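> Before I ask anything, let me first share the structure, which is written out below as structure tokens.
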Amino acid sequence: MRRALAAAVLSAALGAGLLAPAQAAARERRFALLVGQPDGGAGTQPLRYAERDARRMHAILLRLGGVDAADARLLLSPSADDVRRALGELSERSAAARSTGDATVLLVYYSGHAKDGALRLRETRLDLPELRRLLEGAPADVRIGLLDACRAGSVTRSKGVRRAPAFDVSRADGPRGLVLVTSSGADEESQESDALGASFFTHHLASGLLGDADVSGDGKVTLAEAYAYAYARTVASTADTAAGVQHPAYLYDLGGAGDVVLTEVAAGAALVFPAAADGTYVVLDGGRRAVAEVSKPAGAPRRLALAPGRYTVKKRLAAGDGLLVGDVELDRGAVELDEASLRRVPLRDDPQKGFGGSRWSLLAGGGVQRFFGPAAADGYFAPAGIGGLEALVRDDLGHGLGWGFDAAVSGGATSLRLPGLDPIDVRFVGFTAGASLWKDLRLGPVTLSGGARLALLGLSRSFPGRSDLPSQWYGTVTPGVTAAAAWRLGDRLSAVARARGHYLLYNVDRNMSLAYVEVLLGVEYALGE
């Protein structure tokens with residue numbers, strides 16, 4: 001009860017600043033550091049959605065939050081030193097902007113592990129008191145820290161800090177100071193949801209920033225509105241979870257006139273829920289992942305600022321006996337949801353059911369294929385160039401497991417050397433199709449993988465210039481192992497080195513055991529967030 005009251009007091013106190021008359025203001029520059037680290041090192045389980053949460057917040061701030069791409073840093077699976085360097089770089093950019101008279105805002109978002117008073121980034125640590133000192137000392141007018149991590153609420157403890165101050169609306173300048181918001185209290189776990197494909201807190205915070213927290217209806221989502229919204233939704237969503245209810249916490253030390261506007265949602269592509277709409281609506285992207293959730297009573301329309309694209313909207317019926325589901329196409333303008341056009345489906349046909357946060361990607365590469373053994377030495381099998389494609393799915397089975405399907409073609413030439421005969425020229429064309437299961441180990445920007453593969457190998461062998469020797473075909477199933485190292489180049493691109501080793505029983509002329517390896521270099525492109 002005290003926490004809910006605190007949230008209400010904060011919302012009212014911050015909202016009071018919105019009543020201040022408009023003041024002339026300097027140009028504002030915004031800087032944002034978004035960090036997603038699923039690996040907390042020894043003694044922790046990898047998080048499934050930390051990187052996606054960071055990407056999601058990054059996209060929202062670039063599109064709606066007034067942050068230029070050059071003033072944003074998205075760090076996926078970084079070390080503590082990577083975070084320090086990026087924060088230092090943005091602080092320098094902020095100081096340069098302030099020197100020209102610009103007002104500045106610095107926002108740091110973190111999704112990952114925290115334990116024993118520190119953010120845990122693989123085997124490195126960033127102590128919460130250090131992070132707070134870095135934010136307090138950063139040369140920006142407003143510093144905002146949003147921490148989605150277990151037990152991070154301890155960073156908000158401070159003797160003498162005002163947690164819900166009144167605004168001095170007589171000041172002509174804008175707000176100045178520090179705000180820290182955490183997804184849970186100092187002794188609580190922050191939780192992820194497979195159904196949402198995100199952490200509870202970030203999912204609700206993102207929904208609020210997209211427009212559902214705009215209770216004033218002015219097309220702007222303020223810090224007060226975003227916190228009050230995320231607090232209420234997170235508490236409600238985690239009330240029945242096994243880990244227990246999760247209470248976001250805050251430290252507020254902000255003076256000046258007015259509140260901080262985090263996003264502006266009045267223009268651009270949007271899904272509008274009409275005044276008559278009543279209930280909870282979940283908006284899914286093309287991958288059936290939740291991008292927003294809208295809970296509204298009848299009475300006033302609600303605008304959800306989404307990127308152009310195709311979305312699925314679902315609404316659970318009050319009686320619990322089904323869903324309303326429909327697709328919406330957004331271009332550059334606003335589209336009003338027509339609930340009458342939604343189709344009624346049973347709960348078993350929930351388009352979101354069973355979502356496990358899987359990430360699809362495509363890998364294209366080329367390399368060499370080489371056989372080993374007596375038959376290869378005699379020229380029965382040629383070294384060959386190989387090129388192919390692979391479809392990969394990660395985070396679908398949990399526990400860092402991934403799976404995929406691949407297909408490749410190969411070709412080469414050699415000479416067949418048989419006792420008592422002159423060498424015979426041989427040309428090979430090959431085809432392989434395989435299915436793999438592997439486990440990923442993420443080490444910052446590098447992901448190491450190892451697992452098993454089962455492949456279908458087909459070979460065509462012809463003899464140029466020898467009309468007396470017919471072409472030959474050979475096919476078999478071969479078991480093997482696969483290993484890879486991927487280096488992240490960007491949000492969606494990675495450079496990949498992959499090696500496969502297989503056993504082959506050659507029984508055309510006589511039974512012979514061989515091994516063959518395939519080594520490929522390629523580029524992997526992630527299809528979703």
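The values are calculated or read from the model by the stated rules, or taken from the named source; none is laboratory data. Since the structure is predicted, the reported quantities are computational estimates derived from the model, not experimental observations. Backbone-built Cβ (ideal geometry, glycine too); neighbour counts: all protein chains shown. In case anyone asks, the SASA skips ligands and DNA or RNA and just uses the protein heavy atoms, side chains included. Shrake-Rupley method; radii C 1.70, N 1.55, O 1.52, S 1.80 Å.
> From 462, 449, 471, grab the single residue that is buried (at least 19 other Cβ atoms within 10 Å of the Cβ), of a type in the set (S, T, N, Q) and either in contact (Cβ under 8 Å) with a residue 24 or more places away in the chain or touching a strand residue (DSSP E or B) at 6+ places or on another chain (Cβ under 6 Å) (or both).
449 is the lone residue from the list that is buried (at least 19 other Cβ atoms within 10 Å of the Cβ), of a type in the set (S, T, N, Q) and either in contact (Cβ under 8 Å) with a residue 24 or more places away in the chain or touching a strand residue (DSSP E or B) at 6+ places or on another chain (Cβ under 6 Å) (or both).
> I'm trying to understand the selection: among the residues of the stretch 39-70, which are in contact with a helix residue (DSSP H, G or I) (Cβ under 8 Å, 6 or more places away or on another chain) and of a type in the set (Gly, Ala, Ser)?
Result: 65, 69.
> Residue 66 - would you say it is assigned to a strand (DSSP E or B) and either touching a strand residue (DSSP E or B) at 6+ places or on another chain (Cβ under 9 Å) or open to solvent by 20 Å² or more (accessible area, probe 1.4 Å) (or both)?
no
> Same structure, new question: Would the stretch 147-154 turn up any residue that is surrounded by fewer than 19 Cβ atoms within 10 Å (Cβ to Cβ), in a loop (DSSP other than H, G, I, E, B) and modelled with pLDDT under 90?
no
> Would you mind stating whether residue 140 is open to solvent by less than 10 Å² (accessible area, probe 1.4 Å), among the small types (Gly, Ala, Ser), over 23 Å from the mean Cα position of the chain (by Cα) and within 23 Å of residue 30 (Cβ to Cβ)?
Yes.
> Across the stretch 183-220, what is the total count of residues that are over 13 Å from residue 148 (Cα atoms), open to solvent by less than 30 Å² (accessible area, probe 1.4 Å) and not hydrophobic (A, V, I, L, M, F, W, C)?
Number of matching residues: 8.
This table checks each residue for (1) at pLDDT below 90; (2) open to solvent by 40 Å² or more (accessible area, probe 1.4 Å); (3) within 30 Å of residue 401 (Cβ to Cβ); (4) touching a Leu at 6+ places or on another chain (Cβ under 7 Å).
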| site | (1), (2), (3), (4) |
| --- | --- |
| 304 | no, no, no, yes |
| 307 | no, no, no, no |
| 311 | no, no, yes, yes |
| 316 | yes, yes, no, yes |
| 321 | yes, yes, no, no |
| 338 | no, yes, no, no |
| 345 | yes, no, no, yes |
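> Restricting to the stretch 279-300, and then to whatever is part of a loop (DSSP other than H, G, I, E, B) and surrounded by 15 or more Cβ atoms within 10 Å (Cβ to Cβ), can you tell me which residue is nearest to the chain's Cα centre (by Cα)?
289
> Would you be able to tell me the number of residues in the stretch 226-243 that are farther than 23 Å from residue 132 by Cβ and open to solvent by less than 20 Å² (accessible area, probe 1.4 Å)?
Residues in the stretch 226-243 being farther than 23 Å from residue 132 by Cβ and open to solvent by less than 20 Å² (accessible area, probe 1.4 Å): 2 in total.
> Scanning the stretch 244-274 for residues that are surrounded by fewer than 20 Cβ atoms within 10 Å (Cβ to Cβ) and in contact with an Asp or Glu (Cβ under 6 Å, 6 or more places away or on another chain), which turns out nearest to residue 67 (Cα to Cα)?
It comes out as 272.
> OK, next. Which pairs do you get when a residue that is within 20 Å of residue 381 (Cα to Cα) and of a type in the set (Phe, Trp, Tyr), found in the stretch 398-412, comes within reach of a residue that is assigned to a strand (DSSP E or B) and modelled with pLDDT of 90 or more, reach meaning Cβ atoms under 6 angstrom, with the pair 6+ apart or on two chains?
none
> Moving to a separate point now. Please specify each residue of the stretch 383-402 satisfying the condition of being open to solvent by less than 60 Å² (accessible area, probe 1.4 Å) and modelled with pLDDT of 75 or more.
Across the stretch 383-402, the qualifying residues are 384, 385, 386, 387, 388, 390, 391, 392, 393, 394, 401, 402.
> Could I ask something else about it? Please specify each residue of the stretch 413-446 satisfying the condition of being open to solvent by 40 Å² or more (accessible area, probe 1.4 Å), aliphatic (A, V, I, L, M) and either more than 22 Å from residue 388 (Cβ to Cβ) or touching a residue at least 60 places away in the same chain (Cβ under 8 Å) (or both).
If the condition is that a residue be open to solvent by 40 Å² or more (accessible area, probe 1.4 Å), aliphatic (A, V, I, L, M) and either more than 22 Å from residue 388 (Cβ to Cβ) or touching a residue at least 60 places away in the same chain (Cβ under 8 Å) (or both), then 418, 421, 441, 443 are the ones that fit.
> Step by step: first the residues of the stretch 1-51, then only those that are modelled with pLDDT of 90 or more and in a helix (DSSP H, G or I), then the one that is farthest from residue 73 (Cα to Cα). Which residue is that?
The selected residue is 50.
> Between 267, 318, 277, which is hydrophobic (A, V, I, L, M, F, W, C) and within 30 Å of residue 104 (Cβ to Cβ)?
The conditions single out 267.
> Same structure again: Read through the list (1) under 15 Å from the mean Cα position of the chain (by Cα); (2) surrounded by fewer than 17 Cβ atoms within 10 Å (Cβ to Cβ), then give the number of the only condition that residue 48 fails.
So residue 48 meets the others, but not (2).
> Please find, among 94, 111, the residue that is of a type in the set (Ser, Thr, Tyr), part of a helix (DSSP H, G or I) and open to solvent by less than 10 Å² (accessible area, probe 1.4 Å).
The conditions single out 94.
> What are the pairs, 6+ residues apart or on separate chains, where a residue within the stretch 277-290 that is β-branched (Val, Ile, Thr) has its Cβ under 7 Å from a residue that is open to solvent by 40 Å² or more (accessible area, probe 1.4 Å) and at pLDDT below 85?
Once the first residue is β-branched (Val, Ile, Thr) and sits in the stretch 277-290, its partners that are open to solvent by 40 Å² or more (accessible area, probe 1.4 Å) and at pLDDT below 85 give 280/316.
> Hey, any hits in the stretch 450-466 for a residue that's in contact with a helix residue (DSSP H, G or I) (Cβ under 8 Å, 6 or more places away or on another chain) and either at pLDDT below 85 or under 26 Å from residue 76 (Cα atoms) (or both)?
The answer is no; no qualifying residue exists.
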